[in-house]
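Engineer: Sharing a structure below in structure tokens format, with a few things to ask.
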Amino acid sequence: MNTKVVIIGGGPSGLLLSKLLSSKGIDNIVLEKQSKKHVIGRVRAGVLENGTIEMLRLAGVSQRLDKEGFMHDGVFLSFKNHGFRIDLKKLTNKNVTVYGQTEVTKDLYDAIEKSNGIIFNNAKEVIPHEINSKNPFVTFKYNGLEKKISCDFVVGCDGYHGISRKIIPKEVITTYERVYPFGWLGILSETPPVSEELIYANHGNGFALASMRNKNLSRYYIQTDLKDDIENWNDKKFWEELKKRLPSDAADRIITGPSIEKSIAPLRSFVCEPMNWKSLYLVGDAAHIVPPTGAKGLNLAVSDVFYLYNAMKEFYLSGNKDSLNKYSQKALSRVWKATRFSWWMTTTFHKFPEQSSFDQHIQDSELEYLENSIASQTVLAENYVGLPF
Ligand code: APR
Ligand code: PHB
């Protein structure tokens, strides 16, 4: 087989890039190691920046999102059991849209299938070869058969655990990492969300977040010990702990119900530099991970896609490789800013194991300052709605 671009990984990054390249007649093939059912069954965050929405519109996959997404003009923060609102719209003239990443992924699959794009699901042992040469190719196993695709470029959209980043020689790549000493226990429940807008809560017992998917589907998280076993958290215990951590007016009106999904996720900041090597380009989680506080993961993946799609478009139109050569530098500049913001949100809202009363006072004063300073609120709002691409 032959194509222009082989995309390894069919998560949101790989699918969006594929759809955009196809719309410009740039042939590409997506190789995804999991089944479609598995990919669209994963529960992830659900806050989309306006820039992300514009990219989904450009790809022609925004019909359902435009109908079903919830526009949020503000966000609530709380500390010492008391909440206050950041008016995103007033401060930035922008808002965010709540629409699950799972739905974005489904919409992308549907659109690619309708336009006869090529996705190999259950592609096993995917390996890029000869990246350092003029004739790169990718091999994989499909239904037990060995396959080979020759191409111009390989794009690694295969997440943190994927193969792509690992083939870059060690002397070329530098990685930066912070692993946080706690996790998030998240549940989905078929109950009306407690608040029309999200609530991020700092509490002496640890962080909590009230989010949503739709009018009758809530998404809640609480910070837990990383060693904690999900079996220790029956629904009753979860709701009790969540109520303690949310501001009391929200806790009083929360409607509880059985969880339909429950899992614990670790938190990590990770950046790899550069984001390309020879004919290989890394996009999304393959190159960087942010902790979910602030919901930047998918939005960052989409800004990477923006830079790479435009650079490839330019290359195939004019043969000019300048933008491709600048891809890593451009993408990383935005990645580091979102990495800083996600780290700041995480540090400001979570309880660290070694946290002293001094540290708690610093967090409290940071949040008190935020509540009372328009300058501080503007910094949060500008980052939360997303920095320009
Ligand atoms: N071969 C083929 N596919 C692979 C391989 C491999 N060796 N390794 C991983 N994959 C696939 C995974 O199965 C997954 O479907 O790559 C895909 C990567 O998808 P995501 O992990 O969702 O990463 P990405 O598409 O970059 O999405 C952006 O940012 O913070 C996050 O939650 C956010 O998942 C979202 C991400
Ligand atoms: C979610 O709805 O899952 C969500 C929302 C905001 C975050 C993280 C996750 O910061």
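Engineer: Of the listed peptides 185-194, 355-364, what is their order by residue-averaged count of other C-beta atoms within 10 Å, with the highest listed first?
Structural biologist: Result, highest mean Cβ count within 10 Å first: 185-194, 355-364.
Engineer: Just to confirm my numbers, what's the Cα centroid distance between segment 114-149 and segment 3-34 in Å?
Structural biologist: So the two Cα centres are separated by 11 Å.
Engineer: Among Q363, G183, F70, which residue has its Cα furthest toward the positive end of the charge dipole of the chain, with +1 on Lys/Arg Cβ and -1 on Asp/Glu Cβ?
Structural biologist: Selected residue: F70.
Engineer: If you don't mind, there's one more thing I want to ask. Taking the chain as the reference, fit the longest principal axis to its C-alpha atoms, fit the long axis of helix 374-384 to the helix C-alpha atoms, and give the angle between the two in degrees, 0 to 90, nearest 10.
Structural biologist: The angle comes out near 40 degrees.
Engineer: Strictly over 32 Å apart at the Cα level, which of K37/K80; K67/K313; K67/K124; K296/K326; K243/K330; K36/K244 would you flag in this model?
Structural biologist: Where the Cα-Cα span goes over 32 Å, the pairs concerned are K37/K80; K67/K124; K243/K330; K36/K244.
Engineer: Aspartates and glutamates within cross-link reach of K147: Cα-Cα under 12 Å, excluding same-chain residues under 8 positions apart?
Structural biologist: Straight-distance partners of K147: E125.
Engineer: Between Y142 and W344, how many nm apart are label points set 7 Å from Cα along the C-beta direction?
Structural biologist: Once both label points are built, they end up 4.6 nm from each other.
Engineer: Please compare each pair in K278/K337; K170/K278; K94/K351 to a cut-off of 21 Å on the Cα-Cα distance and tell me which ones are over it.
Structural biologist: From K278/K337; K170/K278; K94/K351, over 21 Å: K278/K337; K94/K351.
Engineer: Arranged from highest to lowest average of other beta-carbon atoms within 10 Å per residue, in what order do the peptides 195-202, 376-383 appear?
Structural biologist: 195-202, 376-383
Engineer: Note down the magnitude of the dipole of the chain about its Cα centre, charges +1 on Lys and Arg C-beta and -1 on Asp and Glu C-beta and zero elsewhere, to the nearest 20 debye.
Structural biologist: Computed charge dipole of the chain: roughly 1000 debye.
Engineer: By how many nm would the segment from R268 to E177 lengthen if fully extended, with 0.36 nm per residue of separation less the alpha-carbon distance?
Structural biologist: Difference between extended and current length: 32.0 nm.
Engineer: Moving to a separate point now. Using a Förster distance of 45 angstrom, determine the FRET efficiency expected from the C-beta separation of A375 and K243, and round it to 0.05.
Structural biologist: 0.85
Engineer: Answer rounded, prolate or oblate for segment 336-389, using the Cα gyration tensor with square roots of eigenvalues a ≥ b ≥ c: rounded when a/c is under 1.5, else prolate when a/b is larger than b/c, else oblate.
Structural biologist: oblate
Engineer: Quick one: putting +1 on the C-beta of Lys and Arg, -1 on the C-beta of Asp and Glu, what dipole do you get for segment 263-332 around its Cα centre, in Debye to the nearest 20?
Structural biologist: 40
Engineer: Note down the magnitude of the dipole of segment 1-99 about its Cα centre, charges +1 on Lys and Arg C-beta and -1 on Asp and Glu C-beta and zero elsewhere, to the nearest 20 debye.
Structural biologist: My answer is approximately 180 debye.
Engineer: Taking R0 as 25 Å, what's the FRET efficiency between F84 and S333 from their Cβ-Cβ distance, rounded to 0.05?
Structural biologist: Efficiency for this residue pair is about 0.20.
Engineer: Y142: net charge of surrounding residues, Cβ under 12 Å, Lys/Arg +1, Asp/Glu -1, itself excluded?
Structural biologist: +2
Engineer: Under 16 Å Cα-Cα from K106, which aspartates and glutamates qualify once same-chain neighbours fewer than 8 residues away are excluded?
Structural biologist: E32, D66, E68
Engineer: Moving to a separate point now. Of N28, S333, A251, which is farthest along the charge dipole of the chain in the positive direction, counting Lys and Arg as +1 and Asp and Glu as -1 at C-beta?
Structural biologist: N28
Engineer: Let me check against my output: what whole-number percent is the relative contact order of the chain, with C-alpha pairs under 8 Å and at least 6 apart?
Structural biologist: Here the relative contact order equals 20 percent.
Engineer: Right, another one. First measure r as the distance between the Cβ atoms of D235 and K166, then evaluate 1/(1 + (r/R0)^6) with R0 = 41 Å and state the FRET efficiency to the nearest 0.05.
Structural biologist: 0.55
Engineer: Within 10 Å, count the other beta carbons around each residue, average over each peptide in 206-212, 25-31, 103-109, and list them highest first.
Structural biologist: 206-212, 103-109, 25-31
Engineer: If you take the charge dipole of segment 72-154 about its Cα centre, with +1 on Lys and Arg Cβ and -1 on Asp and Glu Cβ, which of L108, H82, V138 is farthest toward its positive end?
Structural biologist: H82
Engineer: A further question on this structure: Give a quick list of trypsin sites (Lys or Arg not before Pro) in segment 213-296 that DSSP marks as loop, anything other than H, G, I, E or B, with at most 14 other Cβ atoms within 10 Å.
Structural biologist: Loop-located and lightly packed - K215, K227.
Engineer: Could you give the angle, 0 to 90 degrees to the nearest 10, between helix 357-372's Cα long axis and the longest principal axis of the Cα atoms of the chain?
Structural biologist: Roughly 80 degrees between the two axes.
Rule-based calculations on the coordinates, nothing more; no lab input. Predicted model, so just to flag it, every value in this text is computed and none were measured. No Cβ is skipped: glycine too gets one built from the backbone with ideal geometry, and neighbour counts run over all protein chains shown.
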